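Notes follow once the structure below has been shown.
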Amino acid sequence: MEPLHLAYIQADLRWEDKAANLQHFNDLLQQVQPGTDLILMPETFTTAFPVDPKQFAEKEDGPTMAWLREQAKAKNAVIATTFPIEKDGHYFNSLVWMRPDGSYELYFKRHTFTMGGEDKLVERGERQLVVELNGWRIRPMVCYDIRFPVWARNRYKEGQYEYDLAFYLANFPDSRMVVWRTLLVARAIENQAYWIGVNRVGEDAHGLHYSGESQVINARGEVISKAEPYQEAVLHCTLDYEKLQRFREKFPLGPDWDGFEINI
């Protein structure tokens, strides 16, 4: 299988200013190299986190979705990020997986951040998502999901791993960076997959500071790419599927994993 060419964007977010954020990311996307397959951007990229969804949520056919569709087509790459979406009278922190042809998938954040009041603003998602890109199986998740290992757990069935790559898109403050660093590595090791965390930098309206520390980790738990703390950056990294498979064959955890069910 071909390597996966990744770009991930660590950016400052303007508080509740959609127009400014869209322009800013439009500028940052100009730094993405040709030949990139997948572009990852932080959680709630149009507003920062959290915000009143009644004021900022859009429909699936709204302007932010149209902007993502245009950018994915222009870059000929999948773009993944989150923003608030209203669907049938319900509000969700919605991860959008936008393909270059304009088709897309949605993952609604499962674990809303109760300590920050997100659970009072948006509803919890009830469905896991695995998408495919160039033969890679990929599991998207959002921020607070990182603390719940069962929700992220890989599965192994009939010689096949459920996913090869997983990622979190986040607004994860620097006061909890030890959690971010530790759990990203743990998730990669325990699930025998590449793992990516994409976080923001800057300061929000609540006075929280964000150091970013966006990074890519291989199945051995080794950090193979990392952004400088507190700095905006557009970074590129190539993921090698054959290396992942060789490691899985050399150290095959999958057949020994416990079977499990998740009750929603």
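A short reminder: the numbers here are calculations on the coordinates, not readings from a lab. Because the structure is a prediction, the values reported are computed rather than measured. Here Cβ is always computed from backbone atoms with ideal geometry, including for glycine, and neighbour counts include all displayed protein chains.
How far apart, in nm, are two points set 7 Å out from the Cα along the Cα-to-Cβ line at Phe148 and at Lys243?
Each label point lies 7 Å from its Cα, and together they span 3.2 nm.
What is region 1-77's relative contact order, in percent, from Cα pairs under 8 angstrom and six or more apart in sequence? Intermediate values should be presented prior to the final figure.
On the way: 67 pairs, mean separation 29.6, N = 77.
Relative contact order of region 1-77: 38 percent.
Per the helix-only calculation at 222 nm, which mean residue ellipticity applies to the chain, given -39500 (n - 2.57) for every DSSP H run of n ≥ 4 and division by its residues, nearest 500 deg cm²/dmol?
On the way: 6 runs with 58 residues, N = 264.
Rounded to the nearest 500, it is -6500 deg cm²/dmol.
At a threshold of 8 angstrom on Cα-Cα distance, excluding pairs fewer than six apart, so keeping six or more, what relative contact order does the chain reach in percent?
So the answer I get is 21 percent.
Which GluC sites (Glu not before Pro) does region 214-264 hold that lie in a coil by DSSP with at most 10 other beta carbons within 10 Å? Present the calculation step by step, with values, prior to reporting the outcome.
Numbers: sites: Glu222, Glu232, Glu242, Glu249, Glu261; in loops: Glu222, Glu232, Glu261.
Here the GluC sites (Glu not before Pro) that fit, given the DSSP loop and packing criteria, are Glu261.
Give me the one-decimal nm value for the distance between modelled label points at Glu16 and Met115, 7 Å along each residue's Cα-to-Cβ direction.
2.4
Taking the dipole about the Cα centre of region 53-130, with the C-beta of Lys and Arg at +1 and of Asp and Glu at -1, give me whichever of Pro84, Pro53, Gly116 is farthest to the positive side.
Looking along the dipole axis, the top candidate is Gly116.
For region 6-89, just say rounded, prolate or oblate: build the C-alpha gyration tensor, square-root its eigenvalues into a ≥ b ≥ c, call rounded for a/c under 1.5, and beyond that prolate if a/b exceeds b/c, oblate if not.
Verdict is prolate for region 6-89.
Hey, got a sec? Which chymotrypsin sites (Phe, Trp or Tyr not before Pro) in region 158-195 land in a DSSP loop and have at most 15 other Cβ atoms within 10 Å?
Numbers: sites: Tyr161, Tyr163, Phe167, Tyr168, Trp180, Tyr194, Trp195; in loops: Tyr163.
Within region 158-195, no chymotrypsin sites (Phe, Trp or Tyr not before Pro) qualify (loop, at most 15 other Cβ atoms within 10 Å).
With charges set only on the Cβ (+1 for Lys and Arg, -1 for Asp and Glu), what does the dipole of the chain come to about its Cα centre, in debye to the nearest 20?
On the way: 30 positive and 39 negative charges, 85 e Å.
Its charge dipole is roughly 420 debye.
I need the calculated FRET efficiency for the pair Glu232 and Asp256, taking r as the beta carbon distance and R₀ as 25 Å, to the nearest 0.05.
Working: r = 42 Å, r/R0 = 1.68.
After rounding to 0.05, the efficiency reads 0.05.
Put +1 on the Cβ of each Lys and Arg and -1 on the Cβ of each Asp and Glu in region 4-256; which of Gly207, Phe247, Leu40 then has its Cα farthest toward the positive end of the dipole?
Phe247
If you take Rg and Dmax of the Cα atoms in Å from the coordinates, which of (1) 22.7, 73; (2) 17.3, 52; (3) 22.9, 79 do you get?
(2)
Loop-only check: which GluC sites (Glu not before Pro) in region 118-178 are DSSP coil with at most 10 other Cβ within 10 angstrom?
Glu126, Glu158
Counting Lys and Arg as +1 and Asp and Glu as -1, what is the net charge of the other residues whose Cβ lies under 14 Å from the Cβ of Arg110? Let's see the in-between values first.
On the way: positive: Lys109, Arg124, Arg127, Arg139, Arg147, Arg153; negative: Glu43, Glu118, Asp119, Glu123, Glu126, Asp145.
Within the 14 Å Cβ shell, the charges total 0.
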